[in-house]
């Protein structure tokens, strides 16, 4: 009897304290002037409606309906079991981007945190700055320009292997091969086709579970993603082990790829990344370095297939760049700088159909915004569509118009496919080169027609075509 009291009484007391905490919290929240909106069902919130809109490719509808119903500046909802304030418009973007590490910090759902552990995506404050600076010392334009000819060679080999001689291809899975091979080559010096194929299949499982309920049970997306992450890091660890020896014996160059760079480069205090940190950051960059680009390039193929006049302008620019080059001569840095119209086209595609729809922050203290109070530890979401599709920022926002990016381009905080502020995508320049090199090579080789011109794209979690975007190829006589 005494033993039962010893166990039951503390349990009852703990439950009472927990209950009292929630009651006090609810009373406190009711006194606050929270943003308008609904938190939906307990725990689930509006997550199901959010996922449904993503899978239908209509996330903008989810956002716009609530902006119209509640407040176009900010509204509240509940996703992934968290209370979330959705910030809208340029003012919302500016508030979040400019308050990084002051009043807000990066936040991701539990599935992301558990899969990407000690990588940059989970670091905040000074730790994030140090890690970002170390990674950017490889991903900056000055360093990447040295790898441009290699990127061109990979793109040409990819097209000769997977596109040449075909009457029809399915774009999305084939572009996966290009972006993955490019990332693996520049980050790991990995070029073996069998090894690349095996690693690519693991990343497909990883991608499907990156944004999911973190239930690590056999059969769930998250469990499959965890197993895939372990398999990927096992492969990278083997490469790392050999690379360390090769660097010591001068058989490998410190500048040959990102892995070598991380193994030989310390931060400003002289500290080197641990093995676990390198593995987690390599996993992050391989994932981010090819999946978002795969989505972007597939969408560019869609728009160029639907807009022949835009295709012709891109082709004209790329042929002018090729003129005067000797046969077999690879792209150089000055060539890419001439691809202004092509990048304007890519930028307009990213405005209309951004591969990632936004990101999240955590409130470090009670915040005041647009006359509302947002409590500490609430999650804050910015979404690309609240500005990209705003007619006051982009006239006729549904219309494709590459001229929007001429001159000074869009106003600050309106065009945010790469985010903004201290957390802006560090792979932005890598993605730009990856996209332009592919555009240069593909338009000179082919014209194409879309098999399904109105094919729907959905977020799962990246923007991807429901049927893979099949196209009919028409070889061009421009092959140089």
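Rounded if a/c is under 1.5, else prolate if a/b is larger than b/c, else oblate: which is segment 326-373, with a ≥ b ≥ c the root eigenvalues of its Cα gyration tensor? Before the final figure, lay out each step's value.
Working: a/c = 4.12, a/b = 3.21, b/c = 1.29.
Note, shape of segment 326-373 comes out prolate.
For the residue pair residue 44 and residue 337, what label-to-label distance in nm results when each label sits 7 Å from Cα along the Cα-to-beta-carbon direction?
5.7
Simple spin-label model, 7 Å along Cα-to-Cβ: residue 274 to residue 91 in nm?
Going from the residue 274 label point to the residue 91 one covers 4.5 nm.
Calculated FRET efficiency, residue 454 and residue 474, Cβ-Cβ r, R0 25 Å, to nearest 0.05? Don't jump to the answer; show the numbers that get you there.
Numbers: r = 21 Å, r/R0 = 0.82.
About 0.75, to the nearest 0.05.
Mind giving me the nanometre distance, one decimal, between the label points for residue 238 and residue 195, set 7 Å out from Cα along Cα→Cβ?
About 0.9 nm, to one decimal.
Tell me, 121, 416, 170 in order of fewest to most beta-carbon neighbours within 10 Å?
Details: 121 22, 416 26, 170 15.
Lowest to highest Cβ neighbour count: 170, 121, 416.
Grab the Cα-Cα distance for residue 395 and residue 98, subtract it from 0.36 nm times how many residues apart they are, and report the gain in nm with one decimal. Intermediate results must be reported in sequence, preceding the final value.
On the way: separation 297, 0.36 × 297 = 106.92 nm, distance 2.65 nm.
Going from the current span to full extension adds 104.3 nm.
Between residue 124 and residue 55, what FRET efficiency follows from the Cβ-Cβ distance if R0 is 30 Å, with the result rounded to 0.05? Let's see the in-between values first.
Working: r = 31 Å, r/R0 = 1.03.
Efficiency, rounded to the nearest 0.05: 0.45.
Stretch residue 327-residue 170 to full length: gain in nm at 0.36 nm per residue minus the Cα-Cα span? It would help to have the intermediate numbers written out before the result.
Numbers: separation 157, 0.36 × 157 = 56.52 nm, distance 2.96 nm.
Answer, rounded to one decimal: 53.6 nm.
Sort 58, 241 so the one with the fewest other Cβ atoms within 10 Å of its own Cβ comes first.
Numbers: 58 15, 241 11.
Lowest to highest Cβ neighbour count: 241, 58.
Once each part is reduced to its C-alpha centroid, what is the distance from segment 77-138 to segment 359-379 in angstrom?
13
With a/c under 1.5 counting as rounded, go ahead and sort segment 260-368 into rounded, prolate or oblate using the C-alpha gyration tensor (a ≥ b ≥ c being the square roots of the eigenvalues; past the cut-off, prolate if a/b is larger than b/c, else oblate). Before the final figure, lay out the partial values.
Details: a/c = 2.73, a/b = 1.46, b/c = 1.87.
Note, shape of segment 260-368 comes out oblate.
If packing is taken as the average count of other Cβ atoms within 10 Å, what order do 59-68, 376-385, 193-202 fall into, highest mean first? Working shown, then result.
Numbers: 59-68: 17.6, 376-385: 20.7, 193-202: 14.2.
Order by mean packing, descending: 376-385, 59-68, 193-202.
Mind sorting 226, 389 by how few other Cβ atoms lie within 10 Å of their own Cβ, fewest first? Write down the numbers at each step before the final one.
Working: 226 19, 389 16.
Ordered by Cβ neighbours within 10 Å, fewest first: 389, 226.
From the square roots a ≥ b ≥ c of the eigenvalues of the alpha-carbon gyration tensor of segment 134-223, which class results: rounded (a/c under 1.5), prolate (a/b over b/c), or oblate? If you can, show how the numbers build up before the last one.
Details: a/c = 2.49, a/b = 1.29, b/c = 1.93.
Since a/c reaches 1.5 but b/c is at least a/b, the shape of segment 134-223 is classed as oblate.
What label, among (i) 31; (ii) 40; (iii) 35, belongs to percent of Cα pairs over 34 Å apart computed from the structure on display?
(ii)
Nearest-5 percent of antiparallel DSSP beta bridges in segment 33-475? Display every interim value, and only then the final one.
On the way: 30 of 36 bridges.
That works out to approximately 85 percent antiparallel.
Throughout, read-outs are computed from the coordinates displayed, never taken from laboratory work. Just so it is clear, the structure is predicted and the values come from calculations on it, not from any experiment. Because the Cβ atoms are built from the backbone with ideal geometry, glycine has one as well, and the counts that use them run over all protein chains shown.
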